[in-house]
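Take this structure first; my questions come after.
Please treat every number below as a calculation from the coordinates, not as lab data. Fair warning: this is a prediction, and the values are worked out from it, not measured in the lab. Quick reminder, even Gly has a Cβ in these numbers, built from the backbone with ideal geometry, and neighbours come from all protein chains shown.
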Amino acid sequence: MSTEQKAGQVLMPFFTGTDFAAQAAAIERLHLGGSIVMGDNVPLSSDGTVDTAAMAAGIGLLQKAARADGRTWPAVIGVDQEGGVVARLRAPLTEWPAPMSYGAAGSVALATDGGKALASELAGLGFTADFAPATDVTAGPQDPTIGARALSGDPDAASRLGVGFAQGMLAAGLLPSVKHFPGHGSVSVDSHENLPVQKATVAELRAKDWKPFQAAIDAGLPMVMTGHISVPALEPGVPASLSKPSYDALRGMGFKGVAVTDALNMGAVQKKFPGGSAAPKALAAGADLLLMPGDVAGAHAAVVEAVKSGAVPASRLDEAAQRVVTMILWRARTPAPQGAAPGSGSALSQRVSAAAVTVLAGPCHGPIVPGSVRVAGGSEQDRARFAKAARAAGIAIGTGPLVTLIGFEGPPAKGDVVVALDAPWPLAGSAAPAKVALYGRSQEAFNALAAVLAGKAPATGKLPAAVGPHAPGSGC
């Protein structure tokens, strides 16, 4: 391969809108390793749901462009589909609850099944990679970015569940990517905006934040995403994604797979390294796959120039390109996944939420509410879904105790029953005789909630992280 071809192979850009033909032309022209599909790239039907036929056709165009470039291996076509808040493709695909549901359910088998089902629907559309799961260990309310995207606040649980979920994804034919090394769950700044600083020592990181990454490496998982987090114990002032000591630390843990950066167009990087300038720096530091550079043509030119000038050793580009190609060839060696029909995971999604529902205050047996309730809080969709689930469970809407829903990042609330639909932290300051953590706002999550409120199902979930005075493991 020429330097230009190898430089393309380590780039995974984004594009705007649904013009897959233009992105396909860029893949062929710049020899790109693949493409990420973001929310605005998803073609929609007239009713606002995903046009799955158009989505599959668009991905087909991108793969055709990779083959037209003379490659004998597929492109990496990835997406951010974690479940909960982070899901680029909505209905008719299955809507999954927040990943913290698996921590509350405490079942590795359920996490593996969930990972496989989520990935099977994506594989059916032609995706080859999913930037999930987030194996960050959440520190609780002072963690503004990860929250319920984390599986748990316990590093050992996050390790077991993260490996299980990722192995399920692999079984469905999708490449998982554990993220965000060196751990985004215990920093208090959002790297989409500015550069967070992780002040822990290396020994402290090994004992907590790095545990799930070590487990992933020991399990032979193929890809680790590095976050835009400064670790003074490794290299002060430089995001881990662009820091050689950070990549050295990751490799020192035994990792031999593909190190992919978090999106290079995020605030933590763009403010200091605008345009394409971050790409050669990340490559030189040890990244193998450069995700979402602000300007892909500029990044490609910058990498080629850096190699030709000697600023980036040619051997470093060779190593990165070889790792990316090896990973995709390795994935392509497994039998082609059949893929699952969109929406086929609905029953499993409800089973996950049913296993996760956590009652922090209120009765553990029998009905929590009478035959009729009022509902407030959340979004209009949340309230409509609650009402639908309640009626199906035999609970009327209009009079009776007040059920208050706390939506994503909502403040503490008051009511007879307060339900947190995302991270459970707002329950700590809420005033209510009954408090419930649901970790999801899908229709299936509300169905699970209504069954518990009506006394038709037990609440078996346990808190995966502390909520105010409630210790991890609290619940019925």
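Given Cα pairs under 8 Å that are at least 6 residues apart, what percent is the relative contact order of segment 27-162?
25
Separation of segment 269-327 and segment 438-476 by C-alpha centroid, Å?
Result: 45 Å between the Cα centres.
Now for a separate question. For residue 4 and residue 86, calculate 0.36 nm times their separation in residues minus their Cα-Cα distance, and state this gained length in nm to one decimal.
So the extension gain works out to 26.1 nm.
So what is the relative contact order for the chain, in percent, with contacts set as C-alpha pairs under 8 Å and at least six apart?
16
Based on the Cα gyration tensor of segment 357-453, what are the three equivalent ellipsoid semi-axes, each the root of five times an eigenvalue, rounded to whole Å and given largest first?
Value: 17, 15, 12 Å, ordered largest first.
Please compute the Kirkwood hydrodynamic radius over segment 1-148, one decimal place, Å, based on all pairs of different Cα atoms.
16.6
Report the relative contact order of segment 224-361, percent, no decimals, based on alpha-carbon pairs under 8 angstrom and at least 6 residues apart.
19
Kirkwood Rh and Cα-based Rg: tell me the resulting Rg over Rh for the chain, rounded to two decimals.
0.99
Same structure, new question: Taking the Cα atoms only, what angle lies between the long axis of helix 108-123 and the longest principal axis of the chain, rounded to 10 degrees?
60
So which of 199/272; 208/256; 116/456; 435/456; 244/272; 64/308 end up more than 24 Å apart, counting from Cα to Cα? Please report the intermediate quantities before stating the final value.
Values: 199/272 20 Å; 208/256 22 Å; 116/456 29 Å; 435/456 18 Å; 244/272 17 Å; 64/308 30 Å.
Pairs exceeding 24 Å: 116/456; 64/308.
To the nearest 20 debye, what charge dipole does the chain have about its Cα centre, counting +1 at the Cβ of each Lys and Arg and -1 at the Cβ of each Asp and Glu?
Using only the charged Cβ atoms, the result is roughly 560 debye.
When only alpha-carbon atoms count, how far does segment 174-308 stretch along each of its three principal axes, as whole angstroms with the largest first?
40, 30, 26
Continuing with this model, one more query. Summing Lys, Arg as +1 and Asp, Glu as -1, what charge do residues with Cβ under 15 Å from the Cβ of residue 195 carry, residue 195 excluded?
0
Moving on. Going toward the positive end of the dipole of the chain, with +1 on Lys and Arg Cβ and -1 on Asp and Glu Cβ, which of 22, 354, 320 do you reach last?
Farthest towards the positive pole: 354.
What 222 nm value per residue comes from the helices of the chain, counting each DSSP H run with n ≥ 4 as -39,500 (n - 2.57) and dividing by all residues, nearest 500 deg cm²/dmol?
Working: 16 runs with 178 residues, N = 476.
Calculated from helices alone, the mean residue ellipticity at 222 nm is -11500 deg cm²/dmol.
In the neighborhood of residue 285, defined by Cβ-to-Cβ distances under 12 Å, what is the net charge if each Lys or Arg adds +1 and each Asp or Glu adds -1? Walk me through the numbers on the way to the answer.
Details: positive: 244, 251, 281, 316; negative: 235, 248, 288.
Here the count lands on +1.
Fewest to most neighbouring Cβ within 10 Å: what's the order for 462, 6?
Final ranking by Cβ density, sparse to dense: 462, 6.
Which of rounded, prolate or oblate describes segment 101-220 when judged by the alpha-carbon gyration tensor and an a/c cut-off of 1.5?
Note, shape of segment 101-220 comes out prolate.
Report, to the nearest 10°, how far helix 155-171 tilts away from the longest principal axis of the Cα atoms in the chain, using its own Cα long axis and a range of 0 to 90°.
That helix lies at roughly 70 degrees to the long axis.
While we're looking at this one, here's another question. At a 10 angstrom cut-off on C-beta neighbours, averaged per residue, how do the peptides 248-257, 315-324, 274-283 rank from highest to lowest?
Highest-to-lowest ranking by the protection proxy: 274-283, 315-324, 248-257.
By how many degrees, between 0 and 90 and to the nearest 10, does the Cα long axis of helix 52-68 differ from the longest principal axis of the chain?
So the inclination is approximately 20 degrees.
Let me ask something else about it. So, in nm, how far is label residue 206 from label residue 329 when the simple model puts each one 7 Å beyond its Cα toward the Cβ?
Between residue 206 and residue 329, the simple spin-label model gives 3.5 nm.
Right, something else. Local charge sum around residue 266 (other residues, Cβ-Cβ under 12 Å, Lys/Arg +1, Asp/Glu -1)? Let's see the in-between values first.
Working: positive: 271, 272; negative: 190, 193, 262.
Net local charge, residue 266 excluded: -1.
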